[in-house]
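S.K.: The structure that follows is given in the form of structure tokens.
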Amino acid sequence: MNAIPAIPLITAPPMIEETLSSDERVLLINRIRNLLQQQNAVLIAHYYTSADLQELAEETGGCVSDSLEMARFGHAHAAQTLVVAGVRFMGETAKLLNPEKRVLMPDLHAECSLDLSCPADSFSAFCDAHPEREVVVYANTSAAVKARADWVVTSGMAVSLIRHLHEQGKSILWAPDRHLGDYVRSVTGADMLLWQGGCVVHEAFRADALQALKAEHPEAAVLVHPESPAAVIAMADVVGSTTQLIHAVKSLPNHTFIVATDNGIFHKMRQAAPDRTLIEAPTAGVGATCRSCAHCPWMAMNGLRNLAQVLETGQNEIVVDPIHIQPAARAIQRLLDFSAAQRR
Ligand code: 13P
Ligand code: SF4
């Protein structure tokens, strides 16, 4: 199989955000606080989840972070139950690194279009066809795909890892995000064969509309997550993972920022730099299918109601096929070790 395999057609589910009365919200928050304590559980939330979930995670000793730090935090924490508010690959990563712990998720239907774009069978056949290449997969993949990889990588580490492999003369087979892969290839000059998956949220950002918005706010810095199309990335002042974009809001001198990533991140950005003006990058314009729809419908499946329910019932436990645990955990651990070495 020398051609790059066609990817399955992914249809995102409708966006359904939880609506609660203020009484119900307060009751649920108190109930979850108690349940976390009773069950020796810790809440680990991604930046794209709701403000309520993020605040609850922080005030109960859990964490709110990007996918790399979520994995690190869950691994280091003593709690016997990890409750992952995010999407399925994040829950699976937690389970792979901590097979002895119970990992729960508010909704097991919280998928990711990148993960769905990369079925393990066709991916494995693609790897078989290119045995000379080092296989590097983005964290946004299933346990079975990670098990086939030499390395797992997150957006925060992608450039440094691929640069490192390129310097060692390695050629790369990369999956599943073609935009992130294309960006990393352009920065590092590495020889990369790219799977053709995409993120339904970031692919919707429009360079033409961004250009017009930038003309209205010439003083604004443009922050872009690298799952976005190349023409959007080309307009960025900073390209980076969710954590790196939050850091940019705090550290750059600008007061206005146009942000091309899921708008769930605005909660943390406002906490980190309350005096800044944040504007959503546009998803409108020629050929657009949505208008400022920059929010992941799968992330939105995490709510207070289903979180309380899984803590009460123990439902929605993440189970990973035992045959994938050792090889997938090894590929993730290599990332954690590489990242730790970079920080030293
Ligand atoms: P981060 O690793 O930057 O948090 O990205 C995860 C993700 O799913 C972005 O869409
Ligand atoms: Fe996946 Fe995109 Fe949602 Fe991130 S925002 S979880 S990459 S679909």
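S.K.: Let a ≥ b ≥ c be the square roots of the eigenvalues of the Cα gyration tensor of the stretch 238-283; is it rounded (a/c under 1.5), or, if not, prolate (a/b larger than b/c) or oblate?
M.R.: Here the stretch 238-283 falls in the rounded category.
S.K.: Could you order the peptides 245-255, 133-143, 306-316 from most to least packed, using the average number of other C-beta atoms within 10 Å per residue? Mind showing how you got there, number by number?
M.R.: Values: 245-255: 16.1, 133-143: 25.2, 306-316: 17.6.
Highest-to-lowest ranking by the protection proxy: 133-143, 306-316, 245-255.
S.K.: Report, in cubic angstrom per residue, the convex hull volume of the C-alpha atoms of the stretch 203-344.
M.R.: 177
S.K.: Counting other beta carbons within 10 Å of each residue's own, what order do Leu56, Leu213 fall into, fewest first?
M.R.: Leu213, Leu56
S.K.: By the gyration tensor of its Cα atoms, with a ≥ b ≥ c the square roots of the eigenvalues, what is the shape of the stretch 208-286: rounded for a/c under 1.5, prolate for a/b over b/c, or oblate?
M.R.: Prolate, because a/c is 1.5 or more and a/b exceeds b/c.
S.K.: Note down the net charge around Ala236, summing +1 for each Lys or Arg and -1 for each Asp or Glu among other residues with Cβ under 13 Å from its Cβ.
M.R.: Net charge in that neighbourhood comes out at -1.
S.K.: Tell me, rounded to the nearest percent, the portion of alpha carbon pairs in the stretch 278-344 spaced more than 21 Å apart.
M.R.: Distances greater than 21 Å cover 65 percent of the Cα pairs.
S.K.: Quick one: if the Förster radius is 22 Å, what FRET efficiency do Asp337 and Glu55 give, using the C-beta to C-beta distance and rounding to 0.05?
M.R.: So the FRET efficiency works out to roughly 0.10.
S.K.: Using the 10 angstrom Cβ neighbour count as an exposure proxy, how do Arg178, Arg185 rank, fewest first?
M.R.: So the residues, fewest neighbours to most, are Arg185, Arg178.
S.K.: Divide, for the stretch 79-148, the radius of gyration over alpha carbons by 2.2 N^0.38 Å, where N is the residue count.
M.R.: Working: Rg = 13.6 Å, N = 70, 2.2 N^0.38 = 11.1 Å.
So the stretch 79-148 has a normalised radius of gyration of 1.23.
S.K.: Report the far tail of the P(r) of the stretch 82-194, meaning the percent of Cα-Cα pairs longer than 23 Å.
M.R.: Counting pairs separated by more than 23 Å, the tail of P(r) holds 30 percent.
S.K.: Taking the inverse of the average 1/r across all pairs of different Cα atoms in the stretch 24-71, what Kirkwood radius in Å do you get?
M.R.: Working: mean 1/r = 0.0913 Å⁻¹.
It is 11.0 Å.
S.K.: Beyond 17 Å, what percent of the Cα pairs of the stretch 130-242 remain?
M.R.: 54
S.K.: Which of the GluC sites (Glu not before Pro) across the stretch 92-122 are loop residues per DSSP, with 16 or fewer other Cβ within 10 Å? Walk me through the numbers before you get to the answer.
M.R.: Values: sites: Glu92, Glu100, Glu111; in loops: Glu100, Glu111.
Answer by residue number: Glu100.
S.K.: To continue, here is another question. Per residue, what volume in Å³ does the Cα convex hull of the stretch 1-158 take up?
M.R.: That works out to 116 Å³ per residue.
S.K.: Can you bin the chain into rounded, prolate or oblate? Criterion: square roots of the alpha carbon gyration tensor eigenvalues sorted a ≥ b ≥ c, rounded for a/c under 1.5, prolate for a/b above b/c, oblate for the rest.
M.R.: Taking the square roots of the gyration eigenvalues as a ≥ b ≥ c, the chain is oblate.
S.K.: If you find the alpha carbon centre of the stretch 1-40 and of the stretch 274-314, how far apart are they in angstrom?
M.R.: 10
S.K.: Follow-up. Compute the Rg to Rh ratio over the stretch 133-175 from the alpha carbon atoms, using the Kirkwood formula for Rh, and round to two decimal places.
M.R.: Rg/Rh: 0.95.
S.K.: Here is a follow-up. How charged is the neighbourhood of Ser113? Take every other residue with its Cβ under 15 Å from the Cβ of Ser113, and add Lys/Arg as +1 and Asp/Glu as -1.
M.R.: Values: positive: Arg88, Arg178; negative: Glu111, Asp115, Asp177, Glu203, Glu227, Asp262.
So the environment of Ser113 carries a net charge of -4.
S.K.: Subtract the Cα-Cα distance of Asn40 and His130 from 0.36 nm times their separation in residues, and report this length gain in nm to one decimal.
M.R.: Working: separation 90, 0.36 × 90 = 32.40 nm, distance 4.53 nm.
Working it through step by step, the gained length comes to 27.9 nm.
S.K.: Separate question: For Lys170, Lys95, what's the fewest-to-most ordering of other Cβ within 10 Å of each Cβ?
M.R.: Fewest to most other Cβ atoms nearby, the residues stand as Lys170, Lys95.
S.K.: Then there is this: Using a cut-off of under 19 Å, list every residue of the stretch 314-340 whose amide N is near the label point 7 Å from the Cα of Ile16 along the Cα-to-beta-carbon line.
M.R.: 315-317
S.K.: Pull up the DSSP beta bridges for the chain and report the antiparallel fraction as a percent, rounded to 5. Don't jump to the answer; show the numbers that get you there.
M.R.: Working: 1 of 33 bridges.
If we restrict to bridges inside the chain, about 5 percent are antiparallel.
S.K.: Using the basic label-point model (7 angstrom from Cα toward the beta carbon), what is the Gln196 to Arg33 distance in nanometres?
M.R.: 5.2
S.K.: OK, next. If each DSSP helix of 4+ residues adds -39,500 (n - 2.57) and the sum is divided by the residues in the chain, what number results at 222 nm, nearest 500 deg cm²/dmol?
M.R.: About -12500 deg cm²/dmol.
S.K.: Using per-residue counts of other Cβ atoms within 10 Å, averaged over each peptide, order 335-343, 46-54, 322-330 from highest down.
M.R.: Numbers: 335-343: 13.3, 46-54: 23.7, 322-330: 16.2.
So the order, starting with the most tightly packed, is 46-54, 322-330, 335-343.
S.K.: I would also like to ask the following. Suppose R0 equals 45 Å. What FRET efficiency, 1/(1 + (r/R0)^6) with r the Cβ-Cβ distance, do Thr313 and Ala288 give to the nearest 0.05?
M.R.: In this case the efficiency is close to 0.65.
S.K.: Cysteines without a disulfide-compatible partner in the chain, using Cβ under 4.7 Å as the rule?
M.R.: Cys63, Cys112, Cys118, Cys127, Cys199, Cys296
S.K.: I would also like to ask the following. Within the stretch 100-144, which residues have the backbone N less than 20 Å from the label spot 7 Å out from Lys170 along Cα→beta-carbon, could you tell me?
M.R.: 123-144
S.K.: Sticking with this structure for a sec: Fully extended, how many nm does the chain gain between Glu219 and Leu252 (0.36 nm per residue separation, minus their Cα-Cα distance)?
M.R.: Working: separation 33, 0.36 × 33 = 11.88 nm, distance 1.19 nm.
Between Glu219 and Leu252, full extension yields 10.7 nm more.
S.K.: Could you pull out the pairs from Lys101/Lys250; Lys214/Lys250; Lys214/Lys268; Lys146/Lys170 whose alpha carbons sit more than 28 Å apart here?
M.R.: On the way: Lys101/Lys250 35 Å; Lys214/Lys250 20 Å; Lys214/Lys268 23 Å; Lys146/Lys170 19 Å.
Listed pairs above 28 Å: Lys101/Lys250.
No value in this document is a laboratory result; all are computed from the given coordinates. All values derive from a computational prediction rather than experimental measurement. Neighbour counts run over all protein chains shown; Cβ positions are idealised from the backbone, glycine included.
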